[in-house]
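Presented below is the structure to which this report refers.
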Amino acid sequence: MQWTDQIRRVRIALVVAAVLLALASLFVSHLLVNDLSSEEQGNVGVWAEAMRSLNTADETTDLSLVLKVLNGNDNIPVIVLDSEGEVQEWRNISVKGKSEEEILRNVRRRARDMEAEGNVIRVDEWKVCFGESLMLRRLAWYPYVQLSVVIIFVLVALFALLSSKRAEQNKVWVGLSKETAHQLGTPISSLMAWVEVLKESYPQDQLIPEMDRDVKRLQCVAERFSKIGSLPEPKAEDIRQLLGNVVQYIRPRTSDKVAIECLLPGQPLVADLCATLFEWVVENLCKNAIDAMEGKGRLLITAREEDSLFAVEVSDTGKGIPAKYLSTVFMPGFTTKKRGWGLGLSLAKRIIEEYHKGRIFVKSSEAGRGTTFRIELRKPNSRLRHKALSLFGF
């Protein structure tokens with residue numbers, strides 16, 4: 001749990017840093033936009049004064065400088081209206097219309113919009129309406145585009161980093177699992193041989209069958225580890241039978257104060273499964289449930305057929321999972337126990353979702369009331385299902 005908490009804190013710190021960077025960028029951009037807007041407003045003021053000089057000029061006035069100022073405005077949209085609101089001139093405005101009257105009407109509408117925004121300067125009886133230049137509009141949008149690109153880049157980088165890290169972790173766990181299975185193989189084979197010798201030498205001994213079951217259990221564990229990391233070959237299995245096997249194994253190893261109930265339908269629930277791995281998942285859920293109840297409570301295992309899937313639920317009356325941990329229960333390293341590696345639920349998720357293309361999630365959890373885990377498995381198609389049912393005598 002400490003490892004998952006540390007990862008969560010790092011992610012939160014990265015998000016906070018990204019937000020602060022975004023706010024700083026927007027603040028600086030806002031200052032630049034305001035400065036450029038003030039500069040453009042001053043330029044429009046100079047242009048309006050040039051218009052006034054042009055209107056009041058006589059035959060002896062040198063208009064070269066005035067015309068240079070007027071013609072120098074090639075980026076700020078301006079519209080000049082007379083005292084009656086009629087358009088006298090406009091610059092840097094793209095308007096469309098089928099006729100000259102329609103064009104003038106569109107220009108007047110644009111002038112009213114500028115005036116409503118407060119972008120107007122009076123020159124005697126005329127009005128000079130102006131808007132933002134293309135450069136100013138681009139600058140206003142640029143920070144958002146820049147932040148979008150940065151966010152996408154960061155997300156892609158994080159995804160690539162997490163994917164590579166996850167792939168590396170998977171290789172480590174797969175290698176460890178296969179090596180464990182390989183190392184267990186030789187002593188298990190030797191134990192199986194010795195059990196057979198004991199059976200022949202002491203056929204009446206009642207402890208030898210128990211030893212045989214334990215050795216077979218070790219063989220099952222080794223087989224589970226050997227299948228991790230490789231694609232298992234699923235085949236038609238009755239979910240009811242596999243759940244019965246789990247209950248048969250769990251019940252004698254659990255306190256009498258834990259009531260284990262299994263509610264199963266009368267008709268087989270046939271799905272394509274790797275029996276060894278599926279039993280491992282349910283067994284892991286049951287062990288976690290028993291630990292959560294601290295040796296006293298009720299463990300309920302149910303299985304049923306729904307519209308397009310088979311549902312298996314494991315419920316307990318334990319202490320429940322705190323709400324803040326519900327989103328991280330399947331992450332490697334998560335555990336509420338003082339002992340344990342926190343890999344059981346992570347492996348369960350991998351087995352169900354990657355190997356069986358199903359779903360596993362926390363259906364409900366309430367402090368002091370218990371937790372329910374739900375597994376959903378897809379049904380085989382109708383033809384294969386009919387064939388599978390016939391194998392089970394239905």
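Taking every residue in region 63-92 that is farther than 15 Å from Arg105 by Cβ and at pLDDT below 75 and pairing it with any residue that is assigned to a loop (DSSP other than H, G, I, E, B) and open to solvent by 50 Å² or more (accessible area, probe 1.4 Å), at least 6 positions away or on another chain, the pairs with Cβ-Cβ distances below 8 Å are Asn73/Asn92; Asp74/Asn92; Ser83/Glu125.
Residues in region 127-141 that are surrounded by 16 or more Cβ atoms within 10 Å (Cβ to Cβ) and closer than 16 Å to Asn73 by Cβ: Val128, Cys129, Phe130, Gly131, Glu132, Ser133, Leu136. All of Ala111, Ala157 fail the test of being touching a Cys at 6+ places or on another chain (Cβ under 8 Å), open to solvent by less than 90 Å² (accessible area, probe 1.4 Å), free of Cβ contacts under 8 Å to residues at least 40 places away in the same chain and not charged (D, E, K, R), apart from Ala111.
Let's see how each residue does on (1) open to solvent by 50 Å² or more (accessible area, probe 1.4 Å); (2) under 18 Å from Phe373 (Cα atoms):
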{"site": "Tyr202", "(1), (2)": "yes, no"}
{"site": "Glu237", "(1), (2)": "no, no"}
{"site": "Ile260", "(1), (2)": "no, yes"}
{"site": "Phe278", "(1), (2)": "no, yes"}
{"site": "Ala289", "(1), (2)": "no, yes"}
{"site": "Lys296", "(1), (2)": "yes, no"}
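Scan region 120-143 for residues that are under 50 Å from the mean Cα position of the chain (by Cα) and touching a residue at least 40 places away in the same chain (Cβ under 8 Å) and the total you get is 12.
Of all the residues in region 286-315, those that are acidic (Asp, Glu) and under 20 Å from Leu242 (Cβ atoms) number 3. Looking at this structure, is Arg224 at pLDDT below 85 and either open to solvent by less than 70 Å² (accessible area, probe 1.4 Å) or in contact with a Leu (Cβ under 7 Å, 6 or more places away or on another chain) (or both)? For Arg224, the condition - at pLDDT below 85 and either open to solvent by less than 70 Å² (accessible area, probe 1.4 Å) or in contact with a Leu (Cβ under 7 Å, 6 or more places away or on another chain) (or both) - is met.
The values are calculated or read from the model by the stated rules, or taken from the named source; none is laboratory data. Quantities reported herein were computed from a predicted structural model and do not represent experimental measurements. For neighbour counting, all protein chains shown are included, and Cβ atoms are generated from backbone atoms with ideal geometry for every residue, glycine included. The accessibility values were calculated without ligands, DNA or RNA, using every heavy atom of the protein model including side chains. Shrake-Rupley method; radii C 1.70, N 1.55, O 1.52, S 1.80 Å.
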